[in-house]
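Only one structure is covered here, and it is reproduced in the block below.
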Amino acid sequence: RLSEACPTDEEVDLLEAMYNRGRQLGEAAAQAGVRLLIDAEQCRYQPAIDNLVLELQRQFNVDDKPIIYNTYQCYLKDSPERLRTDVKRSERFNYHFGAKLVRGAYMESERELAETNGLPDPIHASIEDTHACYNDSVDFLLRHSVESDQKAELMCATHNQESIEKAIDAMNKYGVDRKSSTISFAQLFGMTDHLTFNLGRHGYRAYKYVPYGEVHEVMPYLLRRARENSAIVGGATLELKMIQNELRNRLRRSRN
């Protein structure tokens, strides 16, 4: 029934509180001249988050740079369409566009919910399809950044080396300077450090991000990040091998 789809008074109050907090954070970020990246959640929550981000982008992404970034989970089949729709909207309403690209972290719960409700699986059928979606989205945004009169900025939040290499190839193809704010890279603190350090050493905008909070809140987040990108496990093995090789090299040098 239609009445069951209407929010309760409590839900209306919660939505208003969310919007008020979002505006406060947006104002603080704008005053400080920093970016505010709003994370993505499960599909059933995402429309409310998208509506909030849209309002904040139209309010704060109008001066010299985008302040508010939305997050796009590339394991979702509809993410390319949503990304292109949001880019067109920023052109239509004349504000700068900001996006963070991730692969996604709620595969099991999204598929379970879809199956329970008799809906199509929203997740790409294979990890290869997810990788392709991610890399194509990076290419699309970089191309848009050089074709548009409005600024567009992209945060590649990934531990996947191939995606980083493809992003750099696309930067070269479209003439995007590595020091430009058009594109940045980010990895979790303590994960794939060899990627972050090499990006920084070669002049790319590379960041480490640090989850903070109580242990019972932070650990589930870190576990979701590990499931989100299977390359992390292989990357950790590679990093351990690199550290072992470096230790052996240093021991050899110390004996000479």
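Applying the criteria of a DSSP loop state and at most 12 other Cβ atoms within 10 Å to the chymotrypsin sites (Phe, Trp or Tyr not before Pro) of the range 38-147 yields TYR45. Counting only heavy atoms of the protein chains and using a 1.4 Å probe, LEU14 has close to 110 Å² of accessible surface. Per-residue surface analysis assigns LEU36 an accessible area of about 40 Å², computed on protein heavy atoms at 1.4 Å probe radius. Fully extending the segment from LEU14 to ASP78 would add 20.3 nm, taking 0.36 nm per residue of separation and subtracting the current Cα-Cα distance. Can you tell me the 0 to 90 degree angle between the C-alpha axis of helix 127-147 and the longest principal axis of the chain, rounded to 10? Taking the Cα atoms of the chain, the angle to 127-147 is about 80 degrees. The antiparallel fraction among DSSP beta bridges confined to the chain stands at about 5%. Here, the chain has an Rg and a Dmax of 20.1, 81 Å when only alpha carbons are counted.
Here's how it looks for ALA206: its modeled amide H is under 5 Å from those of PHE185, which are all 5 or more places away or on a different chain. Cross-link reach is defined here as a Cα-Cα straight distance under 26 Å, omitting same-chain residues fewer than 8 places apart; for LYS241 the lysines meeting it are LYS166, LYS208.
For an R0 of 22 angstrom, estimate the FRET efficiency from the Cβ-Cβ distance between VAL146 and ASP64 and round to the nearest 0.05. Step by step, r from the Cβ atoms, then E = 0.80.
Considering only protein heavy atoms and a 1.4 Å probe, what is the carbon-and-sulfur percentage of the accessible area of the range 23-158? Spell out each step's value before the answer.
Details: 3210 of 6460 Å².
After summing per-atom areas, the C and S share lands at 50 percent.
Working from label points 7 Å from Cα in the Cα-to-Cβ sense, the GLN42 to GLU55 distance is 2.4 nm. Overall form of the range 76-178: oblate. Here a/c, set by the Cα gyration tensor axes a ≥ b ≥ c, is 1.5 or more, and a/b is not larger than b/c. Any chance you could give the angle, 0 to 90 degrees and rounded to 10, that helix 9-32 forms with the longest Cα principal axis of the chain? Between the helix axis and the principal axis of the chain, the angle is about 50 degrees. You can think of it this way: the chain between LYS179 and ASN249 has 21.9 nm of extra reach, that is 0.36 nm per residue less the Cα-Cα gap.
Just to confirm, what accessible area per residue do you get for the chain at 1.4 Å probe, in whole Å²? Per residue, the chain has an accessible area of 58 Å².
Can you compute the helix-only [θ] at 222 nm over the chain? Use -39500 (n - 2.57) per DSSP H run of at least 4 residues, normalise by all residues, nearest 500 deg cm²/dmol.
Working: 10 runs with 150 residues, N = 256.
That comes out to -19000 deg cm²/dmol.
Comparing Cα centroids, the range 155-228 and the range 124-141 end up 16 angstrom apart. Shape of the range 1-144 from the C-alpha gyration tensor: oblate (a/c of 1.5 or more and a/b not above b/c, with a ≥ b ≥ c the square roots of its eigenvalues).
Write out the GluC sites (Glu not before Pro) in the range 134-215 meeting two conditions: DSSP loop, and at most 11 other Cβ atoms within 10 Å of their Cβ. Provide the component values of the computation, followed by the final result.
On the way: sites: GLU147, GLU153, GLU162, GLU165, GLU214; in loops: GLU214.
Loop-located and lightly packed - GLU214.
For the range 17-88, trypsin sites (Lys or Arg not before Pro) are listed when DSSP marks them as loop and at most 12 other Cβ atoms sit within 10 Å of their Cβ; the list is ARG44.
Measuring r between the beta carbons of THR116 and TYR212 and using R0 = 30 Å, the FRET efficiency lands at 0.30.
The values are calculated or read from the model by the stated rules, or taken from the named source; none is laboratory data. Worth saying up front: this structure is predicted, and the values here are computed from it rather than measured. Virtual Cβ from ideal backbone geometry, glycine too; neighbours counted across all protein chains shown. These accessible areas exclude ligands, DNA and RNA; they are computed on the full protein's heavy atoms, side chains included. Shrake-Rupley method; radii C 1.70, N 1.55, O 1.52, S 1.80 Å.
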